[in-house]
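What follows is a single structure, written as C-alpha cells, with notes after it.
The values are calculated or read from the model by the stated rules, or taken from the named source; none is laboratory data. Computed from a predicted structure; not experimentally measured. As a convention, Cβ positions derive from the backbone with ideal geometry for all residues, glycine included, and neighbour counts pool all protein chains shown. Protein only, heavy atoms only, side chains kept; ligands, DNA and RNA dropped before computing areas. Shrake-Rupley method; radii C 1.70, N 1.55, O 1.52, S 1.80 Å.
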Number of protein chains: 2
Amino acid sequence: MSLTAANIAAKPKPAATEGNGCQRFNTMPGNGAQPKTNYCASCAAHDKALCSRLTGSDLAEFGSMSQHKTITAGQMLFSEYDDARYYYTVISGDVRLSRMLDDGRRQITGFKSTGDFIGLGTDGHFTADAEAINEVVVCQFTVPTLNQSLEEYSVVQGRLMEMMQEEVINLQNHMLLLGRKTPMEKIANFLVERAKKYSGVDLDGDAITEVDVKLPMSRTDVADFLGLTIETVSRTITKLRKNGVIALETAQHIVIKDIEELELIANGEA
Amino acid sequence: MSLTAANIAAKPKPAATEGNGCQRFNTMPGNGAQPKTNYCASCAAHDKALCSRLTGSDLAEFGSMSQHKTITAGQMLFSEYDDARYYYTVISGDVRLSRMLDDGRRQITGFKSTGDFIGLGTDGHFTADAEAINEVVVCQFTVPTLNQSLEEYSVVQGRLMEMMQEEVINLQNHMLLLGRKTPMEKIANFLVERAKKYSGVDLDGDAITEVDVKLPMSRTDVADFLGLTIETVSRTITKLRKNGVIALETAQHIVIKDIEELELIANGEA
DNA sequence: CGCTGGATTGATTACCTTCAAGGTTGGTGG
DNA sequence: CCACCAACCTTGAAGGTAATCAATCCAGCG
C-alpha cells in the first residue's frame, strides 16, 4: 500500500533550496564511526517519531533511507500545491503549517516540533504551506521510499496510523476552539496546550506552582492559529497578566502562575 | 497492526439500543438466496467505502464479518468517551459528529453520509458524539475484527489510509473556514460543498444553470458546523436569496441559481 | 383548528475588529 | 558605546458586525 494513491508528477518544483540536504549522518556530531544503530536510537525525536517502534538493525536500516536537512528561520519547507516529494519528521525547531486565502487571510493549522510528522493530509500535492519559525532540522524520506518502508515495517505503518488518529483528534479539538470558544478561552487553551506539550513538567502532579512556556512563534502566528487578530491576542494576554494568572518574562516567555485557573478558563468553566 | 493501539476496555457501554443490530444480510431486500458476492458489490456505499477496492470472494468474506444496523432520527450511534467497540460505514442517511463544551456550546466536526467511514479520530474511546439526522443504516465492524481485516486485506488498509488523508484535508479546510471566513463566505462554502458532494451534477461542466441542494440537517446544525448562530445562518441565506444567487424551495431544499457566483463568494473573491 | 418546533425577521447591544499611535526590543553601524 | 532603525508588541479610540433578546411566521400534525 501507499500513503497516497496519486503518483508523483514528473516535474518536481522544490520549495526550499535544494541540494543543501546533506547526506544522512552528516549532521551526526563528532564521531563518524559511531554505529548507525546508536545514531537513530539516540535521536532526540526518536521516542515520539514515526520510527519510535523500531530498534536495532531495523531502525538503522530504516534510518539509512533518510536524510537530514536544515532550514533557516523563515524559509519554506514546502508550499501548498507543491508536488509532495518528501515526508518529514521534525528533529528540532518549530514549523508552522498554514493555509491562505487569496486576499492574505491565513489560518495556521498546526505547529510541528520534535518528533512530529509532516506530510499528513497530502494527496500527491501538499495542502498547506510549511515554514520554519526558527532554525529547523528535519529528517526526510522521499515519498516512494517511505511508502515502500511502510509495507516492509508494519510497526512503522502502525505508528503512522496512530499518529494520523492523533492528528484527527487534534484537528477536531481545534475546530471546537475556532468555532465556539471566546478569545479568552482560546488563549488560555493555547497556553495550557503548550505547557502540557513542551514544558516537560507533569501538570497532573499536585503542588505545581509555576510553569514556564516558551512561544517561539510571533503574536501574528498565534492570532492566525486561534482565529483572532493580533490586537485581541495581545489584549487578552495582558488581561491574564493583570489577573495574575500568568506573568511575562519576555513576549515569548510566559510564566503560568495558576495553571488550574488557566485550565478552568480554557474549558469555559471560569 | 491495529487501527488503535489502545485495547478496548472490559465493560462496553453501548450508546444506541443494542440487540437491534440485525445479522448481516438480513436487510437484504427480497431474495435471501442471492450470492453474497453480489450483495456487497451492489451496496450503494461500496464505490466510496472502505471496501471499494475489494471484489469477488474477498469482498464477500470481508462483508460477512459486518452487520447492518438501523438507527432512527435523533438516536445516538455513540457518545463521546464511549468505549469504541465498533467502526461504521454509512450505507444510507446522514450522521452528525459533534463535540460539546460543558455549557452546551457545540461544534459539529462533520456530516457523514453514504460511503463515509465513522471511527477516525478514536483512541480506544470515541472523541465525538454521533447522532442520526434522519433514519440511518450503517454497516458495522467490531474494532478487533476490522483491525484483523486490515492486516489481511492490504487494499482495505490502503483505502483506510487514503480516507484518513482526505479527512485531514477536510478538517484543515474547515479550520480555515472557521477561523478566517465571514458568515457569508461560510454559508456559500457550505452550499457549494453540499452541491459538489450530493447533487450528482458535474459542476465543472459548462452550461450548468441550477443545482438542487438538499439540507437534511436543521439550521441549528448548520450554525454549529459553521461556527455561527442560527439567526446569522438564516439572515445570510435570506441575503443570498434576495440577491438571486439561490432560491428556497423549502427550508431544507435550496436551489443554487448561480453556482459560479456562489463559488466566488465562498472563496472571498466577490 | 390549534398546537408545536423550527425558521425567519426585527431591534438592540456587546464585543471584537479596525485604524492609529506609542512603546519595546534587538540588531547594525557610525 | 550609543544612536538609529526596523520589526514586533502593546495600548487606545472608534466603528461595524454578528450575537443576543424578542417577536412573528410557517409547516406539519394530532
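Worth a mention:
- Aspartates and glutamates with Cα under 19 Å of B:Lys257, excluding same-chain neighbours fewer than 8 positions away: B:Glu185, B:Glu193, B:Asp202, B:Asp204, B:Asp206, B:Glu210, B:Asp212, B:Glu249, B:Glu269
- Per residue, the accessible area of the range A:182-266 comes to 49 Å², computed with a 1.4 Å probe over protein heavy atoms only.
- The contact residues of the range A:91-111, meaning those that lose at least 40 Å² of 1.4 Å-probe accessible area when all protein chains sit together rather than their chain alone, are A:Arg99, A:Leu101, A:Asp102, A:Arg105, A:Gln107, A:Thr109.
- Inter-centroid distance (Cα atoms) of the range B:187-256 relative to the range B:86-157, Å: 25 Å
- Using a 1.4 Å probe over protein heavy atoms, the accessible area lost on pairing B with A, summed over both chains, comes to approximately 4300 Å².
- Distance (nanometres) between label positions extended 7 Å along Cα→Cβ at B:Ser42 and A:Thr55: 5.4 nm
- Sorted largest first, the spans of the alpha carbon positions of the range A:153-270 along the three principal axes are 52, 34, 28 Å.
- Cα→Cβ-extended label distance, 7 Å offset, between A:Arg235 and A:Asp102, nm: 3.1 nm
- Taking each of A:Lys48/B:Lys181; A:Lys69/B:Lys48; A:Lys197/B:Lys112; A:Lys181/B:Lys214; A:Lys196/A:Lys242 in turn, the alpha-carbon distance tops 27 angstrom for A:Lys48/B:Lys181; A:Lys69/B:Lys48; A:Lys197/B:Lys112; A:Lys181/B:Lys214.
- Between the residues B:Val211, B:Asn189, B:Ile230, the greatest Cα displacement towards the positive end of the dipole of the range B:181-266, with unit charges on the Cβ of Lys, Arg, Asp and Glu, is found for B:Ile230.
- Label-point separation in nm, A:Lys197 to A:Gln75, each point 7 Å along Cα→Cβ: 2.3 nm
- For the range A:182-266, the share of accessible area belonging to carbon and sulfur comes to 47 percent (1.4 Å probe, ligands and nucleic acids excluded).
- Mean accessible surface per residue for the range B:36-173, computed with a 1.4 Å probe while every protein chain stays in place, in Å²: 34 Å²
- Simple point charges give the picture: +1 on the Cβ of Lys and Arg, -1 on the Cβ of Asp and Glu, and for the range A:36-173 a dipole about the Cα centre of about 280 debye.
- Burial of 40 Å² or greater, the range B:145-177 residues [accessible area, probe 1.4 Å, versus chain by itself]: B:Met161, B:Met164, B:Gln165, B:Val168, B:Ile169, B:Leu171, B:Gln172, B:Met175, B:Leu176
- Figure legend: label point modelled 7 angstrom from the Cα of B:Thr220 along Cα→Cβ; residues of the range B:133-152 with amide N under 18 Å from it are B:133-135.
- FRET efficiency for the B:Glu249 to A:Thr142 pair, using the beta carbon distance and R₀ = 45 Å, is estimated at 0.30.
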